[in-house]
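First up is the structure itself, then whatever we jot down about it.
The values are calculated or read from the model by the stated rules, or taken from the named source; none is laboratory data. It should be emphasised that the depicted structure is a prediction, and the values quoted were computed from it without experimental measurement. For neighbour counting, all protein chains shown are included, and Cβ atoms are generated from backbone atoms with ideal geometry for every residue, glycine included. Surface areas here come from the heavy atoms of the whole protein model, side chains and all, with no ligands, DNA or RNA. Shrake-Rupley method; radii C 1.70, N 1.55, O 1.52, S 1.80 Å.
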Amino acid sequence: MAMDMTLRRISAADADKGFRHVVSGFSGERSGVESECFLGREWEALEQILLPQGPEEISELPITMGDLLGDDDLGTACFYLPPDEVTVAARFLAAVDVERSVAERAAEIAGTFRHGDVPDGYLEILGRYLKNVRDLYTAADQAGEGVAKLVQG
């Protein structure tokens, strides 16, 4: 089953209020990238691009790592990356050359499509998503916030 992912900046106090509180704070809107970033199903391709860019324990931080806040047993789970790890992730993302990283993984990404046909503009979309992720982490780091990761499917 394909899962969608959305990232959102949150305070440690909000994270302490638990799963339901954090999940209720996600807007579902696709704007305000510096506060909430919808990745949809492309989160897997984004992680595929980021993993070779650094040590696994660091390159996994922006997309899939975090403490489980909870799940509803119906296909929704939420993870939390605390501020100290957001700082590490933000520094890592700042050092990633987005265009080069996407280009390096183009053949691997093509393998995920039928007949290897990557839709026109798809790699550029992934690049924009990575820049949005970087902007969200930069803003969260500057504010001393964590990042919540909502996974739904």
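For the stretch 45-99, a tally of residues being loosely packed, with under 14 Cβ neighbours inside 10 Å, of a type in the set (A, V, I, L, M, F, W, C) and modelled with pLDDT under 95 returns 1.
Residues that are touching a helix residue (DSSP H, G or I) at 6+ places or on another chain (Cβ under 7 Å) and aromatic (Phe, Trp, Tyr) were ranked within the stretch 100-146; the one that is most open to solvent (accessible area, probe 1.4 Å) is Tyr129. Residues that are assigned to a helix (DSSP H, G or I) and among the acidic types (Asp, Glu) within the stretch 77-107 comprise Asp84, Glu85, Glu99, Glu104, listed in sequence order. Would you be able to say whether some residue in the stretch 19-28 is farther than 25 Å from Arg128 by Cβ, among the hydroxyl-bearing types (Ser, Thr, Tyr) and at pLDDT below 95? Yes, the conditions are met somewhere in the stretch 19-28. Across the stretch 45-64, not a single residue is classified as free of Cβ contacts under 8 Å to residues at least 24 places away in the same chain, among the hydrophobic types (A, V, I, L, M, F, W, C) and assigned to a loop (DSSP other than H, G, I, E, B).
Among the listed residues Leu74, Leu68, which satisfies the condition of being hydrophobic (A, V, I, L, M, F, W, C), outside any helix (DSSP H, G or I), over 16 Å from the mean Cα position of the chain (by Cα) and closer than 22 Å to Glu36 by Cβ?
Only one candidate qualifies: Leu74.
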